[in-house]
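The values are calculated or read from the model by the stated rules, or taken from the named source; none is laboratory data. In this text, all values refer to a predicted model and were calculated from it rather than measured experimentally. Virtual Cβ from ideal backbone geometry, glycine too; neighbours counted across all protein chains shown. In case anyone asks, the SASA skips ligands and DNA or RNA and just uses the protein heavy atoms, side chains included. Shrake-Rupley method; radii C 1.70, N 1.55, O 1.52, S 1.80 Å.
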Amino acid sequence: DTCCIDQKSSSELSESINSMWMLYENADVCYAYLNDVDSTSDPGSLDSAFRKSVWFTRGWTLQELIAPRHVQFLDKSWSIIGTKADMAVSVYGITGIDYGVICGHTNLRDLSVAERMSWAAKRETLKVEDRAYSLFGIFDVNMTTVYGEGEKAFQRLQYEILSQVVDHSIFAWALTTGPWDTRTGLLAPSPAAFSGSGD
């Protein structure tokens, strides 16, 4: 995971980030440790700690949830809560990710760019650039990482997507807050602009 990357080496960092999706996808199983969930909580309940877990709000965990075939959720005492497949209905309700994708029956390429972007709309990262970099695998793109470029990373991601697929849904976004910056043109300023584009 990211804590194993030598972040002082820009080439290793870029290579690791571009390889991350493949590592999760090829894993036999991935373990999602939810340190804010205890075993007494009913994960199916609408007000459960499972549904409110911060793990579902992090940018990088989106690919950890989608890429692997098998995901085991563990609570703060390392007890098994359930698997991604067992809890697909709850995971769909929390994330809005296509149910077929969660279950592994639907190919990501069969879904629109806007729908996939909407899954990242409410997720947060510590660094602005990681909002784009954490989406590389979901859109099957490779890019160099340039920490310090800020929101330009998301612009570059959209250009890279447009160079690979013809999908006009990438323009199906709307601002929910703040003034529109004309420098973005037809491209969205951040994944948050796709929050209403899930359908």
Quick check for you: which residues of region 105-132 have the amide N under 15 Å from the point 7 Å beyond the Cα of Phe171 toward its beta carbon?
113-114
Semi-axes a, b, c in Å (a largest) for the chain, each sqrt of 5 times a Cα gyration tensor eigenvalue, come to 28, 20, 16
Per the 1.4 Å probe, what fraction of the accessible area of the chain, in percent, lies on carbon and sulfur atoms?
52 percent
Let me make sure I get this right: for region 51-129, a, b and c are the square roots of the gyration tensor eigenvalues over alpha carbons, sorted descending. Under 1.5 in a/c it's rounded, otherwise prolate if a/b > b/c, else oblate. Which is it?
oblate
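Sort 139-147, 61-69 by packing, meaning the average of other beta carbons within 10 Å per residue, with the highest value first.
Going by the mean number of other Cβ atoms within 10 Å, highest first, we get 61-69, 139-147.
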Taking 8 Å as the Cα distance limit and 6 or more residues as the minimum spacing, I'd like the relative contact order of region 1-99 as a percentage.
27 percent
Using only the alpha carbons of region 33-73, determine the length spanned along each of the three principal axes and report them from longest to shortest in whole angstroms.
28, 19, 17
Residue with peak Gaussian network fluctuation, the chain [Cα springs, cutoff 10 Å], from Ala172, Ala153, Ala114
Ala172
Rule-of-thumb Rg ratio for region 1-93 [Cα; 2.2 N^0.38 Å; N residues]:
1.18
Under the 0.36 nm per residue contour assumption, what length would be gained going from the current alpha-carbon distance of Thr144 and Asp28 to full extension?
39.0 nm
Approximate shape of region 84-199 as ellipsoid semi-axes (Cα gyration tensor, √5λ), whole Å, largest first:
24, 15, 15
Considering the options Ala188, Ala114, Pro68, tell which one lies farthest towards the positive end of the dipole of the chain, charges being +1 on Lys and Arg and -1 on Asp and Glu at the Cβ, about the Cα centre.
Ala188
Lys pairs in the chain, Cα-Cα under 22 Å, at least 8 apart or on separate chains: how many?
9
How would you rank 192-199, 116-123, highest first, on the average number of other Cβ atoms within 10 Å across their residues?
116-123, 192-199
